[in-house]
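The values are calculated or read from the model by the stated rules, or taken from the named source; none is laboratory data. Nothing here was measured: the structure is a model prediction, and the numbers come from that model. A quick note on method: Cβ atoms are made from the backbone with ideal geometry, for glycine too, and the neighbour counts reach across all protein chains shown.
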Amino acid sequence: MNVKQYNPFGDFREHQEDVIKEIIEIEDTEVPNIILKAPVASGKSLIAYTVAEYLRCEKEKNSLIFTSTKFLQNQYLRDFPQLKTVKGRNNFDCIHNKRTCDKGSCKEICGFSCPNAVDSSLELKKDRDDSCPYWVQKIEAINAPISIINYAFGLIDRSFVKHFLPRDFAVFDEAHNIEAELMGFLEVEISPRQLYNDIKYNINVNLKDIQLWSDIFLEIGDIYKDAAKKELNKGNKEKSDAFISKYEKYKTTAYLMRESPENWVIDTDNANLLFKPILINKYADKSLLSFGRTRLLMSGSILKNHSFCETLGLDLSDSHIIEVPSIIKPIQRPIYKEYAGSMSLKNRNANIDNIVAKILEIAEKYPNEKGVVHTYTYVISKMIEDRLRTNDRFIFHNSKNRQSQTQRFIESDEPKILVSPYSFEGVDFKDDLARFQIIAKNPFPNMFGNNQYEARDRVSDFHWIFELRSKVLSQMYGRIVRSPNDWGDTYLIDSDIDSLLGKSSLVTGYMLEGFVDSWINKEIIILDETRLSPDKRKSYENERFNEQVVLGEIKKMDKPTVVKLTELYKNLPNDAYKEIRPICERLLKNEAIALR
């Protein structure tokens, strides 16, 4: 099986070619689910694309690739420009006026029956050059043998329009996010005030019976449908469209509630009611997973096979598991426990100053390097910002300017430090974008008044909250070392994190490998240098730096190995630090040095 010809980059990383061949072989069987557990730097996107391209060329099969974020979607498109995708109407200018397509003539005048769009069979009405740019790119993606869309778009399409038909092969990147994506999509928020303003409907906010609420949802939906017709007759097309969307949402949710009322809970958010599913295992196969006859689910954050399958309603016996070992050595991604206090709700006010002091202490070790501080919540982020507001090395963001501030950090040539609650997924801080990161908050979700989380934890055969926390912590760890030649240091400073690291720890094996106290929190000792064979010594002469210099410098320092290596580069030319860790690793391998 020759798969290399379908790799646009030419060469494969370690394990990639074998994984691709195994996936292709399993795809040809009756096994519906292939679960790929692959840590950082495994090259999951290249694996997905190469398999899809092989199936297209060799078997005339079509594929659909899903990503959890638009950032990852754009990353695929940068790496594989042959892929076709769909972007929202607001990304295109209407050809009839200067407004974007979401506010253009097709919405306000034509009722989406634009003469430059498509007919009922999804054929362009005009030549490509005279057609609506939104529909041109969408039709290309629908008809392309390999397309890529994000989960949110896929859920909307499957639930309402069904423009994308099931394909032979579907790839679900970052598959651990499917549960959260479905939970968010199925959730319904009711604002009593908005409901009254829209359709003059009063609800009983104290009603708890889900079966009764399903009847109410159907009633509300019908009222919205009638109201949409009235608004359309008045010429209020935009308001009519909004009411139709609400009608469809209420109707869909009502039927799901009737099907399994025990699977729904009611939460409150200020004056609003939130209707949330507890489990999504009954819905996954009918929605996202229905896009593929064979499904490849990829993630570096699948902690337990049985719980992952249980969550998505998959049969573990019908699933083929592929596990890829890490190709990034632990010495390149050490984790240090430097706890400065508990950041739990009851302790954070007392300990925040210690946490900030520890952040500054760690930052001083990397005066010329960029870094990231993971705070998990905006509350913690704001507390840190209040104390470091005048320190221009730190960049903060809120929910509105998250993307722009993150981009500012990425583009900066200065040794900035990004403080962020939501940079643990969907963002890569590879190479010099971040050489250190600080996890300042134990990732514990807000359980106060959250009936969905509490119910979800009760009905699971495993500790769902514990697994959720472990998953987020593992994702945080994987942000800054992204390739076999990359390196970066991780510091844990919230003492509550230790509760995730005991004998029952569920964090990924990739993360467990990184803890310094498990492999390198020891003093280095220099063995007899004559143990280096003549051949080895001769080969070292061609290395950029002389290992004997490194050995001599390490001898003089009375510090743990990784700290010594980190500081050593300051005494060498600026680009030398990239060579220090590989040198040490070679010396360890050849027993020129050892660890106590």
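Determine, yes or no, whether Gly341 is under 29 Å from Arg13 (Cβ atoms) and assigned by TED's automatic domain parsing to the domain that holds Thr390.
no
Scanning segment 64-99 for residues that are at pLDDT below 85, among the charged types (D, E, K, R) and in contact with a strand residue (DSSP E or B) (Cβ under 9 Å, 6 or more places away or on another chain), which turns out nearest to Gln403 (Cα to Cα)?
Lys70
Just to confirm my filter: which strands (runs of 3 or more DSSP E) fall fully inside segment 229-338 and include at least 2 residues that are of a type in the set (Asp, Glu)?
264-269
Please go through segment 372-400 and pick out each residue that is among the aliphatic types (A, V, I, L, M) and touching a residue at least 40 places away in the same chain (Cβ under 8 Å).
If the condition is that a residue be among the aliphatic types (A, V, I, L, M) and touching a residue at least 40 places away in the same chain (Cβ under 8 Å), then Val372, Val373, Ile380, Ile384 are the ones that fit.
Right, Ala152: crowded, with 21+ Cβ neighbours inside 10 Å and not in a loop (DSSP other than H, G, I, E, B) or not?
Here the answer is no, as Ala152 does not meet what is asked.
What residue, among those in segment 1-48 that are within 18 Å of Tyr76 (Cα to Cα) and of a type in the set (D, E, K, R), is surrounded by the fewest Cβ atoms within 10 Å (Cβ to Cβ)?
Asp11
Only one of Asp431, Asp386, Asp353 is out of contact with any Lys or Arg (no Cβ under 8 Å at 6 or more places or on another chain) and of a type outside the set (Phe, Trp, Tyr). Can you tell me which?
None of the others qualify; the one that does is Asp386.
Might you check whether a residue that is of a type outside the set (A, V, I, L, M, F, W, C) and in contact (Cβ under 8 Å) with a residue 60 or more places away in the chain occurs anywhere in segment 255-262?
No, there is no match, as no residue in segment 255-262 is of a type outside the set (A, V, I, L, M, F, W, C) and in contact (Cβ under 8 Å) with a residue 60 or more places away in the chain.
Sort through Arg456, Arg469 and tell me the only one that's surrounded by 15 or more Cβ atoms within 10 Å (Cβ to Cβ) and in contact (Cβ under 8 Å) with a residue 40 or more places away in the chain.
Just a single option satisfies the conditions, and that option is Arg456.
If you check Gln452, Gln437, which single one turns out to be in a strand (DSSP E or B) and not assigned by TED's automatic domain parsing to the domain that holds Val40?
Criteria check complete, one pass: Gln437.
Filtering segment 356-398 down to residues that are of a type in the set (S, T, N, Q) and crowded, with 17+ Cβ neighbours inside 10 Å, which residue is nearest to Phe424 (Cα to Cα)? Steps first, please.
Taking segment 356-398 first, the residues of a type in the set (S, T, N, Q) are 368, 375, 377, 381, 390-391, 398.
When the remaining residues are screened for being crowded, with 17+ Cβ neighbours inside 10 Å, the result is 375, 377, 381.
Values: Thr375: 10, Thr377: 12, Ser381: 14 Å.
Checking each candidate, the answer is Thr375.
Quick check: anything in segment 55-63 within 24 Å of the chain's Cα centre (by Cα) and either modelled with pLDDT of 95 or more or surrounded by 19 or more Cβ atoms within 10 Å (Cβ to Cβ) (or both)?
yes
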